[in-house]
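The values are calculated or read from the model by the stated rules, or taken from the named source; none is laboratory data. If you're wondering where the values come from, they're calculated on a predicted model, not measured in any experiment. Positions of Cβ are backbone-derived with ideal geometry, glycine not excepted, and every protein chain shown enters the neighbour counts.
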């Protein structure tokens, strides 16, 4: 009989254990949406804090720019550069083509010699017209394939 007693001892589950497990599961079910909402709000707060930091940096840059405009020498330099202002008696020169010599030298210059074309364009156009008008195939079958001359 000792074998039957050990078998029943292993299968004993108390009602208290079932109630505790049920309450824990119910707690998870109830708290899961709230925890998800909490995490979402934390992400939103972090994004807003980053946005505030960026705006504060922008405000500081604008304040620095405003402080520059309090300097009369800066105002004079801006008037000369942007508006082309000069003092009476001064001569102003405006350079119209201010590209660097490197940019002008790098421009492609067309060749002075005539080149013979590899194909006759008129016959290629006529062949394309005939193929397009006399074929029963869809246009997608011709994509990327040049027509063959006849």
Query - Selected residue (criterion: surrounded by the most Cβ atoms within 10 Å (Cβ to Cβ)) from residues of region 96-132 that are at pLDDT 75 or above and in contact with a helix residue (DSSP H, G or I) (Cβ under 9 Å, 6 or more places away or on another chain) - result: 131
Report task. Count, please, the residues in region 66-95 that happen to be assigned to a helix (DSSP H, G or I) and either exposed (fewer than 10 other Cβ atoms within 10 Å of the Cβ) or in contact with a strand residue (DSSP E or B) (Cβ under 7 Å, 6 or more places away or on another chain) (or both). Result -> 6
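So, residue 27, is that one at pLDDT below 90, assigned to a helix (DSSP H, G or I) and surrounded by 10 or more Cβ atoms within 10 Å (Cβ to Cβ) or not? Let's see the steps before the verdict.
Details: at pLDDT below 90: yes; assigned to a helix (DSSP H, G or I): yes; surrounded by 10 or more Cβ atoms within 10 Å (Cβ to Cβ): yes.
Spelling it out, residue 27 is indeed at pLDDT below 90, assigned to a helix (DSSP H, G or I) and surrounded by 10 or more Cβ atoms within 10 Å (Cβ to Cβ).
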